1. Is there a quick way to get the dipole size of segment 108-175? I mean about its Cα centre, with the Cβ of Lys and Arg at +1 and of Asp and Glu at -1; what is the value in debye to the nearest 20?
2. Using a Förster distance of 22 Å, how high is the FRET efficiency between Asp163 and Ala76, based on the Cβ-Cβ distance and rounded to 0.05?
3. What are the DSSP H helices in the chain that stretch 15 Å or more along their long axis, judged by alpha-carbon atoms, and whose average Kyte-Doolittle hydropathy comes to at least 1.0?
4. How far apart, in nm, are two points set 7 Å out from the Cα along the Cα-to-Cβ line at Glu152 and at Ser111?
5. Report the net charge of residues surrounding Cys181, where surrounding means a beta-carbon distance below 10 angstrom and charges are Lys +1, Arg +1, Asp -1, Glu -1.
6. What does the net charge come to around Glu18 if you take all other residues with beta carbon closer than 12 Å to its beta carbon, with K and R at +1 and D and E at -1?
7. Got the relative contact order for the chain handy, in percent, Cα pairs under 8 Å and 6 or more residues apart?
8. So how compact is segment 6-116: Cα radius of gyration and Dmax in angstrom?
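Derivation of every value follows stated rules applied to the coordinates shown; laboratory data play no part. Only a predicted model underlies this, so the values are computations on that prediction, with no experimental measurement involved. Neighbour counts are summed over all protein chains in view; Cβ atoms, including those assigned to glycine, are modelled from backbone coordinates with ideal geometry.
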Amino acid sequence: MARHETHPGSAAAAGPAEFRAAVESMRRATLRPEVFCEEMPAPQRIAPWSSALSGDVTVDDEDLGTGRLILLHDPAGNDAWDGTFRCVAYARADIDPELGADPMLAAVGWSWLVEALEAHGAGFHAASGTVTRVTTESFGQMADESGTAQVEIRASWTPDVDDAGALDMTAHVEAWGELMCTAVGLPPVPEGVTAIPSRRGQRGT
């Protein structure tokens, strides 16, 4: 079970039955122990119904990456989505400056998302997004400071629903968690090994 905090006014208790079921399935996701996940207020103007998660990747008490995953639902459908649900994801990670200078980084970053979705069996279509790299170099009196680099992945996709129109978001949440971990450079979990949620306390404790 992924670790979640529920905020007042959570969308899980509102909305059509298919949306409530999809939100509930988000809570069944299993994430790596390095990922702290919690519910967060979702944007209200993009779709009639929405729910959101935030995540942080922490290793040895050092925050290496962060991200968000938003589930949107419009029972009337949306031509741009090609469906009634839409996932919107964001991941940002600190990376080695040499990797930040790699011209292939953007394409590789996008492949991290696609491969994570496919590896977890998260059916999807109509995917789109951007990959941005941010590098910083210091000059003058700050010239002795080493450069830094980050990669930011922003993506959206339409999750596949079953014949009854139901959506299981478990695999999509797990793929988003894997995306964040891959971006920060964590090695993949060996095949056959199940990630066990960390017992790290609530944020700020």
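1. Computed charge dipole of segment 108-175: roughly 240 debye.
2. E between Asp163 and Ala76, to the nearest 0.05, is 0.65.
3. Details: long enough: 105-119 (20 Å, 1.13); 170-183 (20 Å, 0.35).
Span-like helices, by this rule, are 105-119.
4. Modelled inter-label distance: 2.4 nm.
5. Values: positive: Arg32; negative: Glu34, Glu178.
Taking every Cβ under 10 Å from that of Cys181, the sum is -1.
6. On the way: positive: Arg20; negative: Glu24, Asp74, Asp162, Asp168.
Every neighbour counted, the sum reads -3.
7. Working: 408 pairs, mean separation 51.2, N = 205.
Normalised by residue count, the contact order of the chain is 25 percent.
8. 16.3, 48
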